[in-house]
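Written out below as structure tokens is the structure these notes cover.
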Amino acid sequence: MTTSTCPTDIQRLLRVNHSGEFGAIGIYQAQRLLARLTWPQGVALIDEMLQHERGHLARFGHLLVSRSIRSCYALPLWRLGGWLLGALTGLFGRRGILLCTFSVESTVLHHLAEQRDRLAGRDEEFIALIADIEHEEREHRDHGLACAAMPNLPLRAIDRLARASTEFAIRLSLRF
């Protein structure tokens, strides 16, 4: 295996972003499965967001490979965690799915903004990739704005769980 010459902190950030897209795909796959029962008219929207995440995964994966950076060792946990979060929120139908999307994407957008600041003047290619996908991540977040404005007790729990699990996964991936 070739060793990357990329700085270690940048390797970690790329692994986190790649892993995050992997987890997001798991969320949307599970939500799509349950939405067929709980929110059938939302399946097309979930499919659109799922396609965006697959594109993001491919782009981060390409950057990892081109820089000889290994993927995160915790990828199976990202997929399992994504599936579990997606299945749980999918049970709540439209509001659960969209609130989860809002919560996860809000956390991700905050993380991406921090990354851009940290990478300024150091890795313009990575910054450009982040900037390029942020508009789709904002679109995803904005689909859930209405649900975020009026959560009931179970939905507040979903919001907290989605945010906390996303933060935990980010921290975990920075280490592995």
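The values are calculated or read from the model by the stated rules, or taken from the named source; none is laboratory data. Please read these numbers as outputs of a predicted model, since none were measured by experiment. Note that each Cβ is placed from the backbone with ideal geometry, even for glycine, and that neighbours are counted across all protein chains shown. Note: areas computed on protein heavy atoms with side chains; ligands, DNA, RNA excluded. Shrake-Rupley method; radii C 1.70, N 1.55, O 1.52, S 1.80 Å.
Kindly list, by first and then second residue, each pair from a residue in the stretch 6-26 that is within 15 Å of residue 70 (Cβ to Cβ) to a residue that is of a type in the set (S, T, N, Q) and open to solvent by less than 10 Å² (accessible area, probe 1.4 Å), limited to pairs with Cβ atoms under 6 Å and residues at least 6 apart or on different chains.
These pairs meet every condition: 13/115; 15/173; 16/173; 19/173.
Condition check: touching a helix residue (DSSP H, G or I) at 6+ places or on another chain (Cβ under 7 Å) and closer than 25 Å to residue 4 by Cα. Does residue 59 satisfy that?
The answer is yes for residue 59.
What about residue 116, is it at pLDDT 85 or above, touching a helix residue (DSSP H, G or I) at 6+ places or on another chain (Cβ under 6 Å), under 16 Å from residue 16 (Cα atoms) and of a type in the set (Lys, Arg)?
Yes: the conditions hold for residue 116.
Mind listing just one residue for me: the one in the stretch 27-51 that is touching a residue at least 12 places away in the same chain (Cβ under 8 Å) and within 13 Å of the chain's Cα centre (by Cα) and, of those, most open to solvent (accessible area, probe 1.4 Å)?
29
Which residue out of 129, 119, 99 is of a type in the set (A, V, I, L, M), more than 12 Å from the chain's Cα centre (by Cα) and buried (at least 20 other Cβ atoms within 10 Å of the Cβ)?
One residue alone meets the criteria, 99.
With surrounded by fewer than 21 Cβ atoms within 10 Å (Cβ to Cβ), basic (Lys, Arg), more than 20 Å from residue 127 (Cβ to Cβ) and modelled with pLDDT under 95 as the only criterion, which of 79, 54 stands out?
Every option except 79 fails the conditions.
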